[in-house]
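K.L.:
First the structure, then my questions, so here it is.
Values quoted throughout were computed directly from the atomic coordinates according to the rules given, and no laboratory measurement underlies them. Just so it is clear, the structure is predicted and the values come from calculations on it, not from any experiment. Reconstructed Cβ throughout: ideal geometry from the backbone, glycine too, with neighbour counts over all protein chains shown.
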Amino acid sequence: MSESITLYAVPESTYCARVRLVLELKSIEYTEERPAGGSYKSEDYRRLVPAGSVPA
C-alpha cells in the first residue's frame, strides 16, 4: 500500500479501538491523530469527513 493511513480517533471510543485493532491485526501502518477540543467539528475536518464522525 503506497498511501499512508491517518486514523482520527478519541481514546475513549470503543469504535476507534475496533478500527485500531483491525489495523494492527492486518499489520497496516497508520498514524493516529486525536481531535483536540471538538476540532472534529471544524470546517477542515468536515471536508475530510462530511458526517463529522470519529473514527475517520
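K.L.:
Once you list every other residue whose beta carbon is under 9 Å from the beta carbon of residue 8, what net charge do they have if Lys and Arg are +1 and Asp and Glu are -1?
P.N.:
Surrounding charge for residue 8 is -1.
K.L.:
Could I ask something else about it? Anyone know which of 34, 46, 20 comes out most mobile in the 10 Å Cα GNM of the chain?
P.N.:
Highest fluctuation of the listed residues: 46.
K.L.:
Hey, another quick one. Run through every distinct alpha carbon pair of the chain and return the Kirkwood hydrodynamic radius in angstroms, one decimal place.
P.N.:
One over the average 1/r among Cα pairs gives 11.9 Å for the chain.
K.L.:
Hey, what number do you get for the chain at 222 nm if only DSSP H runs of n ≥ 4 count, each worth -39500 (n - 2.57), divided across all residues, to the nearest 500?
P.N.:
Result for the chain, helices only: -9000 deg cm²/dmol.
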